[in-house]
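Read the structure below first, then the notes.
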Amino acid sequence: MKWISVLTLILSFHATSFAKSEKKAGACEKDVATLCAGVEPGEGKIAKCLRENKEKVSTECKAEWEHAKAAFKELKEVCHEDYQKYCEDVKPGRGAVLKCMRKNKEKLSEACKAEFKELKEKRKARKGA
């Protein structure tokens, strides 16, 4: 099965979140501020920084990764056929597979769309907690 590794996907997911908002929210906010100060968001740079500092990453941030890992495992299972159909030729890394899936969101199966929606809702709920 040629799927992006779960850790890379998780880190890409977090890096995308950080890059999209000036106010870095979530359990990894302090880790990014202390471990990755001066790193310009985008192209997976924050994810790379966190990966390079994984021994120093806080327990809270690691817990967030575990939540994301479980969510993405389910997403991977539900969306596998869609991935094969639309994104199999995409080289994994820097969120490329996730970008491809988003680009093809209108073509995705209803189950895959629902899984993406549920993942987004869970993520918002955790941020609000």
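Here are some notes:
- Rounded to 0.05, the FRET efficiency of the residue 80 and residue 121 pair, given R0 = 35 Å and the Cβ-Cβ distance, is 0.95.
- Heavy-atom accessible area order for 31, 89, largest first, 1.4 Å probe: 89, 31
- Listed peptides 43-50, 102-109, 78-85, 115-122 by packing density, highest first (mean Cβ within 10 Å): 43-50, 78-85, 115-122, 102-109
- Residue order by solvent-accessible surface for 123, 51 is 51, 123, largest first, with ligands and nucleic acids left out and a 1.4 Å probe.
The values are calculated or read from the model by the stated rules, or taken from the named source; none is laboratory data. None of the values given here were measured: they were computed from a predicted structure. Note that each Cβ is placed from the backbone with ideal geometry, even for glycine, and that neighbours are counted across all protein chains shown. Only protein heavy atoms, including side chains, enter the accessible area calculation; ligands, DNA and RNA are left aside. Shrake-Rupley method; radii C 1.70, N 1.55, O 1.52, S 1.80 Å.
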